[in-house]
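The values are calculated or read from the model by the stated rules, or taken from the named source; none is laboratory data. Since the model is a prediction, treat every value here as computed from it, not as a measurement. In this analysis, Cβ positions are derived from the backbone assuming ideal geometry, glycine residues included, and neighbour counts consider all displayed protein chains. Only protein heavy atoms, including side chains, enter the accessible area calculation; ligands, DNA and RNA are left aside. Shrake-Rupley method; radii C 1.70, N 1.55, O 1.52, S 1.80 Å.
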Amino acid sequence: EEYLLIKRNNEPKKGEWWVIGGRVLKGETAKKAAIRKIKQETGLQVREIELIGFFELVNGENPFGLPFNYHSVSVVYIAVTDDYQQVNLDDQSSEFKFAKELPTEFTVQTFKGVV
């Protein structure tokens, strides 16, 4: 089992290896947003996807230039793609890699505990 990590071009986490993600659009489910973001950021088609928990990022500094602290809560899915697909990054990332572990700071709170 490996995780696809991307090196971010934008805040938050600019220049760091991180997971794929983004915002949910009005009228879109969180699951459909996850599938859309994977396709948009990597070109990969999802074969299977499962909700595993949530992640909170509290970094104090607002990456959008707003005058208040930043705290985001992300819904976390694990997705499976077919092995033969090629990764095609969009302009939000500069590199990708497959890793055996997630970034240390990316602690997923599951509905049963911590992953």
Solvent-accessible area of Lys7 with every protein chain in place, 1.4 Å probe, in Å² to the nearest 10: 50 Å²
Charge sum, other residues only, whose C-beta stays under 10 Å from Trp18's C-beta, Lys/Arg counted +1 and Asp/Glu -1: +2
Inter-label distance, nm, simple model (7 Å from Cα along the C-beta direction), Arg36/Glu95: 3.1 nm
Carbon plus sulfur fraction of accessible area for the chain, probe 1.4 Å, in percent: 50 percent
For the stretch 1-45, the Rg and Dmax computed from alpha carbons only, in angstrom: 11.4, 33
Percent RCO, i.e. relative contact order, over the chain, from Cα pairs under 8 Å lying at least 6 residues apart: 34 percent
Average accessible area per residue (Å²) across the chain - probe 1.4 Å, nucleic acids and ligands excluded: 69 Å²
C-alpha long axis of helix 30-42 to longest principal axis of the chain, angle in °: 70 degrees
Projected label distance in nm at Phe111 and Arg23, using a 7 Å step from Cα toward the beta-carbon: 2.7 nm
Whole-Hz couplings from phi, Karplus 6.51/-1.76/1.60, listed for the stretch 85-90; x for Gly and Pro: 6, 9, 7, 10, 6, 8
Volume in Å³ per residue [convex hull over Cα atoms, computed for the stretch 6-115]: 124 Å³
Flagged links, alpha-carbon separation over 23 Å, of Lys26/Lys112; Lys7/Lys39; Lys32/Lys100; Lys31/Lys112; Lys7/Lys37; Lys39/Lys112: Lys26/Lys112; Lys32/Lys100; Lys39/Lys112
